[in-house]
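Participant: Sending over a structure as structure tokens; questions will come in a sec.
The values are calculated or read from the model by the stated rules, or taken from the named source; none is laboratory data. Because the structure is a prediction, the values reported are computed rather than measured. As a convention, Cβ positions derive from the backbone with ideal geometry for all residues, glycine included, and neighbour counts pool all protein chains shown.
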Amino acid sequence: MIHKDMIDHYSFGSITIQGKHYRSDLKVIKGQVYPDWWRQTGHNVDIDDVADILDAKPDIIVIGSGNSGLMKVSDRLKNRLEERGIEVIVEPTSEAVETFNRLFRGAKSVAAGFHLTC
């Protein structure tokens with residue numbers, strides 16, 4: 001089964017998903033949008049920040065690290081993902097949106113966290 005793109009558009013501070021506009025960081029888990037994604041330490045993503053994604057057991061997690069790529073994924077989280085056999089792709093958000101859409105159209109289970117600014 002082939003899906004169309006889930007994310008319609010991204011620009012600094014704004015993302016449109018299936019026709020709905022968001023202006024805060026968000027997560028996508030099993031095709032559902034979870035807006036207002038806040039991390040415990042701002043520009044660092046750690047295990048607790050994506051516990052709901054880990055519970056969903058995707059094959060791949062795409063992290064949109066912001067317009068300039070300032071947000072980082074902790075080594076602790078990278079190690080946990082590796083232990084669970086979950087691939088992580090960290091890219092500036094504009095690239096991460098394209099990657100997410102490509103993977104979403106495919107057969108693998110993909111989740112994401114998108115930082116919309118910085």
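Participant: Does ILE61 satisfy being part of a strand (DSSP E or B), surrounded by 14 or more Cβ atoms within 10 Å (Cβ to Cβ) and of a type in the set (Val, Ile, Thr)? Talk me through it step by step, then tell me what you get.
Facilitator: On the way: part of a strand (DSSP E or B): yes; surrounded by 14 or more Cβ atoms within 10 Å (Cβ to Cβ): yes; of a type in the set (Val, Ile, Thr): yes.
Yes: the conditions hold for ILE61.
Participant: Further, regarding this structure: Among the residues of the stretch 23-58 satisfying the criterion of being among the charged types (D, E, K, R) and within 22 Å of ALA107 (Cβ to Cβ), which is surrounded by the fewest Cβ atoms within 10 Å (Cβ to Cβ)? Talk me through it step by step, then tell me what you get.
Facilitator: At the first step, the residues of the stretch 23-58 found to be among the charged types (D, E, K, R) are 23, 25, 27, 30, 36, 39, 46, 48-49, 52, 55, 57.
Imposing the further condition that a residue be within 22 Å of ALA107 (Cβ to Cβ) reduces the set to 27, 30, 55, 57.
On the way: LYS27: 21, LYS30: 11, ASP55: 9, LYS57: 12.
Ranking the candidates gives ASP55 first.
Participant: Hey, can you tell me all the residues within the stretch 90-118 that are over 22 Å from SER24 (Cβ atoms), modelled with pLDDT of 95 or more and of a type in the set (A, V, I, L, M)? It would help to see each step written out before you state the result.
Facilitator: Of the residues in the stretch 90-118, the ones over 22 Å from SER24 (Cβ atoms) are 102-103, 105-109.
Then drop every residue that is not modelled with pLDDT of 95 or more, which leaves 102-103, 109.
Passing the criteria: only LEU103.
Participant: When both residues are 6+ apart or on different chains and their Cβ atoms are under 9 Å apart, which pairs have a first residue that lies in the stretch 73-98 and is among the aromatic types (Phe, Trp, Tyr), and a second that is surrounded by 13 or more Cβ atoms within 10 Å (Cβ to Cβ) and not in a strand (DSSP E or B)?
Facilitator: Listed pairs, sorted by first residue: none to list.
Participant: Collect the residues in the stretch 61-92 that are touching a Cys at 6+ places or on another chain (Cβ under 8 Å) and of a type in the set (A, V, I, L, M, F, W, C), keeping them in residue-number order. Reasoning before the result, please.
Facilitator: Filtering the stretch 61-92 for residues touching a Cys at 6+ places or on another chain (Cβ under 8 Å) gives 66-68, 70-71.
Across the stretch 61-92, the qualifying residues are LEU70, MET71.
Participant: Going through the stretch 79-92 one residue at a time, which ones are in contact with a strand residue (DSSP E or B) (Cβ under 9 Å, 6 or more places away or on another chain) and farther than 15 Å from ALA111 by Cα? Walk me through it before giving the result.
Facilitator: Let us first name the residues in the stretch 79-92 that are in contact with a strand residue (DSSP E or B) (Cβ under 9 Å, 6 or more places away or on another chain), namely 81-82, 86-92.
Within the stretch 79-92, GLU82, PRO92 qualify.
Participant: Can you pull out every residue in the stretch 93-118 that is of a type in the set (Val, Ile, Thr) and in contact with a strand residue (DSSP E or B) (Cβ under 7 Å, 6 or more places away or on another chain)? Write out each step before concluding.
Facilitator: Residues of the stretch 93-118 that are of a type in the set (Val, Ile, Thr), as a first pass: 93, 97, 99, 110, 117.
THR93, VAL97, THR99, VAL110 - these are the residues of the stretch 93-118 that are of a type in the set (Val, Ile, Thr) and in contact with a strand residue (DSSP E or B) (Cβ under 7 Å, 6 or more places away or on another chain).
Participant: Something else about it: Do you know which residues across the stretch 16-36 are more than 22 Å from GLU82 (Cβ to Cβ) and assigned to a strand (DSSP E or B)?
Facilitator: THR16, ILE17, LYS20, HIS21, TYR22, LEU26, GLN32, VAL33, TYR34, PRO35
Participant: Scan the stretch 69-118 for residues that are farther than 18 Å from PHE12 by Cβ and part of a loop (DSSP other than H, G, I, E, B) and report the count.
Facilitator: The qualifying residues number 7.
Participant: Right, here's the next one. For the list (1) farther than 23 Å from ASP5 by Cβ; (2) assigned to a helix (DSSP H, G or I); (3) of a type outside the set (Gly, Ala, Ser), I need the number of the one condition that ARG39 fails.
Facilitator: Every listed condition holds for ARG39 apart from (2).
Participant: Related question: Quick check on this structure: which one of VAL50, VAL33 is without any contact (Cβ under 8 Å) to a residue 40 or more places away in the chain and within 11 Å of the chain's Cα centre (by Cα)? Show your work before the answer.
Facilitator: Working: VAL50 fails: without any contact (Cβ under 8 Å) to a residue 40 or more places away in the chain.
Exactly one of VAL50, VAL33 is without any contact (Cβ under 8 Å) to a residue 40 or more places away in the chain and within 11 Å of the chain's Cα centre (by Cα), namely VAL33.
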